[in-house]
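The values are calculated or read from the model by the stated rules, or taken from the named source; none is laboratory data. This structure is a prediction, so every number in the text was calculated from the model and none was measured. All Cβ positions, glycine included, derive from the backbone under ideal geometry; neighbour counts span all protein chains shown.
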């Protein structure tokens, strides 16, 4: 008899659960639940109104389903996070202008290579359709950067930018201003091609394109913190949960500039990992050397192994312009989230007794074919006037990541 009561009690509990489930499902309106950009639901979570998914519907509220962010060509995803940036090697130059500090960098994209001569000539070709011949001339790389009173580099004056053999060498002789103009043009050109591919009305405004999820963020020069973070690529040193085994002096493991392993890195053990000046008068080592970089001037942007973010030539080859205005004490003023110095606020140029400190001087990073190994460290920094150009500074572009659409 007791067993029967227990059995009836179990049946009653089961029926209660079933009834609760039925009532719950009855009360659950289709279209509600957790939302993502890829799965926005069928109805508004706050009003219950039906969503429209027709981009041409002007009578209802339109929602765009977006499964992923459109990413422009040549870009690699750089996942953001906490990082220690700054000069982590002995400050032999005694500049003390990039002291170590902990910051957080938002996720972004960066060109996997430096902008090449071929890329820049495409830019000049596009600009000829938009501006006068005189304006295009002002955007040309300076060929004079190769000339020297006590050297014979005349062949590079004539050939480096235009000869097909140098097509995929990094563009040099461009100022910060010219590099910024390239980034602006590239944004417009990629957006134009994207609209054509998607069959979109060319009269749509920027806001309308944004609402449809087909307007890309701007290509731009990376800021100094982004560049430094991407160059070090500390993801390659992580283990378990938020632990790192060691820091990095260069964009690779170890304290040297040669490949210590015959794994992970393309090439042979002992090979140089960057194109740089090895010593006084030594730009490439001796002919026939097995561990010889062999590159006397800049080389193909895909030469040398990429770092752990998949970025090529983040040390050596050519230095690279970044957004930041130069100030020796930027590290004391920066925010600790996405630091960037747009101008000299908090560190006015009048505080310095030199004409080299004003808002027209920009930071460049990375070391080059004509620099010693010290400058290959991502924490080192130098500066030059934004309208100046040289044969050892080029650039690459970056683009912010505008959200994880699946989260």
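Filter segment 206-223 down to residues that are crowded, with 23+ Cβ neighbours inside 10 Å and either at positive phi or out of contact with any helix residue (DSSP H, G or I) (no Cβ under 8 Å at 6 or more places or on another chain) (or both), then give me how many there are.
Summing the residues that are crowded, with 23+ Cβ neighbours inside 10 Å and either at positive phi or out of contact with any helix residue (DSSP H, G or I) (no Cβ under 8 Å at 6 or more places or on another chain) (or both) in segment 206-223 gives 0.
With the requirement that a residue be more than 28 Å from the chain's Cα centre (by Cα) and modelled with pLDDT of 90 or more, what does segment 279-305 give you?
279, 280, 281, 282, 283, listed by residue number.
Quick check on my filter: what residues within segment 326-351 are on the phi > 0 side of the Ramachandran plot and either in contact (Cβ under 8 Å) with a residue 40 or more places away in the chain or buried (at least 20 other Cβ atoms within 10 Å of the Cβ) (or both)?
Of everything in segment 326-351, just one residue is on the phi > 0 side of the Ramachandran plot and either in contact (Cβ under 8 Å) with a residue 40 or more places away in the chain or buried (at least 20 other Cβ atoms within 10 Å of the Cβ) (or both), namely 338.
For segment 28-72, how many residues meet the condition of being at pLDDT below 85, more than 25 Å from residue 190 (Cβ to Cβ) and surrounded by 15 or more Cβ atoms within 10 Å (Cβ to Cβ)?
1
Among the candidates 371, 387, single out the residue that is surrounded by fewer than 16 Cβ atoms within 10 Å (Cβ to Cβ), touching a residue at least 60 places away in the same chain (Cβ under 8 Å) and in a loop (DSSP other than H, G, I, E, B).
After applying the criteria, what remains is 387.
Among what's in segment 307-325 and is assigned to a loop (DSSP other than H, G, I, E, B) and more than 14 Å from the chain's Cα centre (by Cα), pick the residue that is surrounded by the fewest Cβ atoms within 10 Å (Cβ to Cβ).
Filtering segment 307-325 for residues that are assigned to a loop (DSSP other than H, G, I, E, B) and more than 14 Å from the chain's Cα centre (by Cα), the one surrounded by the fewest Cβ atoms within 10 Å (Cβ to Cβ) comes out as 315.
Would it be correct to say that residue 376 is buried (at least 16 other Cβ atoms within 10 Å of the Cβ), out of contact with any helix residue (DSSP H, G or I) (no Cβ under 8 Å at 6 or more places or on another chain) and more than 21 Å from residue 220 (Cβ to Cβ)?
Criteria met by residue 376.
For segment 183-200, indicate whether the set of residues that are modelled with pLDDT under 85 and more than 27 Å from the chain's Cα centre (by Cα) is non-empty.
yes
Filter segment 206-243 down to residues that are under 21 Å from the mean Cα position of the chain (by Cα) and assigned to a strand (DSSP E or B) and give me whichever is farthest from residue 184 (Cα to Cα).
For segment 206-243, the residue satisfying everything is 238.
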